[in-house]
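Colleague: Pasting a structure here, questions to come.
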Amino acid sequence: MATYGSWLAVKRYLTICKHLYPPPWVWDTPTMSPTPTPISKLIPWITMNLGMITILISTIILILHKIIGGSPNDPDFHHGVALVWGIVTATSIIGTAISHFLASLNLEFCWWLGAGHNLSQRVNTRKFKQKRWTNWKSDYIGIAMHLMIGTLLLGSSVGFIYPIVRHGDPCFFIFRTAGLAPRAWWVKLLRSVIQGSIFVHGSLVYLGAMLPVWVGLSLLIKLIQSLSHPKNSRGSGPVKEYLNDKLIYDQLQILMFEGNKLVYYIAPIGFMMGMTLCILLGSVVVAVDQLPIGIKLECCLMWIGACTATQVLFPFAAAVSKGSEQARKFWKVKKNQLLKWERKDVKCWRRIVVDVGPFFGIVNSTATTFLYHTMDNTAELIIWLKFNYSGSTG
């Protein structure tokens, strides 16, 4: 199966969750379909969500407190701490939104993934017996998914390490406000456990939403490629497959319509917050001198992983639109060999596009545009931080 790498990544993610606590959905091996997790088994997941929301609210309150002017001479507060708070806030907002998305649309999401998998299996028996048409792109998606799992789990270790070596985490100021000694060894250990657990849960939340999206994208590309035909095909050979291609294309349009509805709100949020996270991570690596080299290295790896993921994801999403357009053009060229009702029917094929909410569809230039704005804003933030920090110390 061409999408084996994608499903293997999902299987390994669920294996990790099995040793911790169940996510909102699991993969049912006997029926080969996603299944919502019973609410009784989601208590640990919900508890960690509440912890993430608590950190988010506390971080926002701390940031507002500093903006208003509370404790202006605080020796524990500097621009590096502000960036840490910004990263925590951005990641918490994304994680909270994705958690709500998983909880509120769990049944619809499982239906979509199961329907796509079943359609892919039916197409696989008919179209993919020839090696010439195997979906090699899906294997790259599987590799990217495995890299994303490793990157996020590696980045989670920052949550355990940072409270021990530095004092910029939100829990430090929360405990200090509560009257505890945040530099005491047992409080450091408690801060490390709390922050690390939240980071691990955040990674599981992201993976729980991202991996099925990547699998769904892999399925869409596979189905789109099943409509491909050799450029030199002629005669009645490919024309006999018109009804089969029409059936696949119609179901693809339904899947894409429902898929775009599912991510109508989360896609724009993920797009903007993903860019924000890349900008903040890049700025931390270059502009913050107080961070230990180990944490800087991990932030650098997280930044590389996030940027690489977007640069891999966008071209594949654009390939869905490109493939659907090629399928439409193929049958429009062959319209003279079709029946009259079939020629009219081809005109009704609508282009299939992966949408980012109501704003735009993903095309070939989206990856370049995303990278350009990310790098441009990162450079501006680095210059601003260096200028203001140098001015304040001089």
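Colleague: Return the residue satisfying two criteria in turn: it lies in the stretch 345-366 and is in contact with a Leu (Cβ under 9 Å, 6 or more places away or on another chain) and under 18 Å from Leu217 (Cα atoms), and of such residues it is surrounded by the fewest Cβ atoms within 10 Å (Cβ to Cβ). Full working, then the answer.
Modeller: Taking the stretch 345-366 first, the residues in contact with a Leu (Cβ under 9 Å, 6 or more places away or on another chain) are 345-346, 352, 354, 362.
Narrowing the set further to residues that are under 18 Å from Leu217 (Cα atoms) leaves 352, 354, 362.
On the way: Ile352: 25, Val354: 25, Ile362: 23.
So, considering only residues that are in contact with a Leu (Cβ under 9 Å, 6 or more places away or on another chain) and under 18 Å from Leu217 (Cα atoms), the one surrounded by the fewest Cβ atoms within 10 Å (Cβ to Cβ) is Ile362.
Colleague: Name the one entry in Ile304, Ile248, Ile269, Ile254 that is out of contact with any Gly (no Cβ under 8 Å at 6 or more places or on another chain), farther than 30 Å from Arg350 by Cβ and in a helix (DSSP H, G or I).
Modeller: Result: Ile304 is the single residue among Ile304, Ile248, Ile269, Ile254 that is out of contact with any Gly (no Cβ under 8 Å at 6 or more places or on another chain), farther than 30 Å from Arg350 by Cβ and in a helix (DSSP H, G or I).
Colleague: Then there's this: Using the structure shown, decide if Asp289 is of a type in the set (Asp, Glu) and closer than 30 Å to Tyr264 by Cβ.
Modeller: In short, no.
Colleague: Mind checking which residues of the stretch 1-29 are part of a helix (DSSP H, G or I), modelled with pLDDT under 75 and surrounded by fewer than 17 Cβ atoms within 10 Å (Cβ to Cβ)?
Modeller: Tyr4, the sole residue that qualifies.
Colleague: Here's another thing I want to ask about it. Would you check if Leu204 is modelled with pLDDT of 80 or more, over 22 Å from Ile61 (Cβ atoms) and under 20 Å from the mean Cα position of the chain (by Cα)?
Modeller: In short, yes.
Colleague: Note down all Cβ pairs under 9 Å where the first residue falls in the stretch 89-106 and is more than 17 Å from Leu152 (Cβ to Cβ), the second is modelled with pLDDT under 70 and of a type in the set (Asp, Glu), and they're at least six residues apart or on different chains.
Modeller: Once the first residue is more than 17 Å from Leu152 (Cβ to Cβ) and sits in the stretch 89-106, no partner that is modelled with pLDDT under 70 and of a type in the set (Asp, Glu) comes close enough.
Colleague: Using the structure shown, decide if Met32 is touching a helix residue (DSSP H, G or I) at 6+ places or on another chain (Cβ under 7 Å), at pLDDT 80 or above and hydrophobic (A, V, I, L, M, F, W, C).
Modeller: Details: touching a helix residue (DSSP H, G or I) at 6+ places or on another chain (Cβ under 7 Å): yes; at pLDDT 80 or above: no; hydrophobic (A, V, I, L, M, F, W, C): yes.
Criteria not met by Met32.
Colleague: Okay, next question. Please go through the stretch 63-73 and give me each residue that is of a type outside the set (Val, Ile, Thr) and either at pLDDT 70 or above or assigned to a helix (DSSP H, G or I) (or both), ordered by number. Give the derivation first.
Modeller: Filtering the stretch 63-73 down to residues of a type outside the set (Val, Ile, Thr) leaves 64-66, 69-73.
Passing the criteria: Leu64, His65, Lys66.
Colleague: I would also like to ask the following. Within the stretch 39-62, work out how many residues are over 18 Å from Ile194 (Cα atoms) and either modelled with pLDDT under 70 or touching a Gly at 6+ places or on another chain (Cβ under 8 Å) (or both).
Modeller: The number of residues fulfilling the criteria is 0.
Colleague: Could you pull out the residue among Glu342, Glu298 that is within 28 Å of Val288 (Cα to Cα), among the charged types (D, E, K, R) and at pLDDT below 75?
Modeller: Result: Glu298 is the single residue among Glu342, Glu298 that is within 28 Å of Val288 (Cα to Cα), among the charged types (D, E, K, R) and at pLDDT below 75.
Colleague: If I ask for residues that are in contact (Cβ under 8 Å) with a residue 40 or more places away in the chain, out of contact with any Gly (no Cβ under 6 Å at 6 or more places or on another chain) and part of a loop (DSSP other than H, G, I, E, B), which ones from the stretch 311-367 would you list?
Modeller: We begin by selecting, within the stretch 311-367, every residue in contact (Cβ under 8 Å) with a residue 40 or more places away in the chain; these are 311-324, 326-327, 330-331, 334, 337-338, 342, 345, 349-350, 352-359, 361-364, 366-367.
Now restrict to residues that are out of contact with any Gly (no Cβ under 6 Å at 6 or more places or on another chain): 311-324, 326-327, 330-331, 334, 337-338, 342, 345, 349-350, 352, 354, 356-359, 361-364, 366-367.
The answer is Leu338, Trp349, Arg350, Ile352, Val354, Gly357, Pro358, Phe359, Ile362, Val363, Asn364.
Colleague: Shifting gears a bit: Can you confirm whether the stretch 366-376 contains a residue that is out of contact with any Lys or Arg (no Cβ under 9 Å at 6 or more places or on another chain) and at pLDDT below 80?
Modeller: No, the stretch 366-376 has no match at all.
Colleague: I've got another one for you. Looking at the stretch 136-189, which of the residues that are among the small types (Gly, Ala, Ser) and in a helix (DSSP H, G or I) is modelled with the lowest pLDDT?
Modeller: Filtering first and then ranking leaves Ser138.
Colleague: Looking at the stretch 97-125, which of its residues are crowded, with 17+ Cβ neighbours inside 10 Å, at pLDDT 70 or above and of a type in the set (S, T, N, Q)?
Modeller: Asn106, Ser120, listed by residue number.
The values are calculated or read from the model by the stated rules, or taken from the named source; none is laboratory data. These numbers were taken from a predicted model, which means no experiment stands behind them. Quick reminder, even Gly has a Cβ in these numbers, built from the backbone with ideal geometry, and neighbours come from all protein chains shown.
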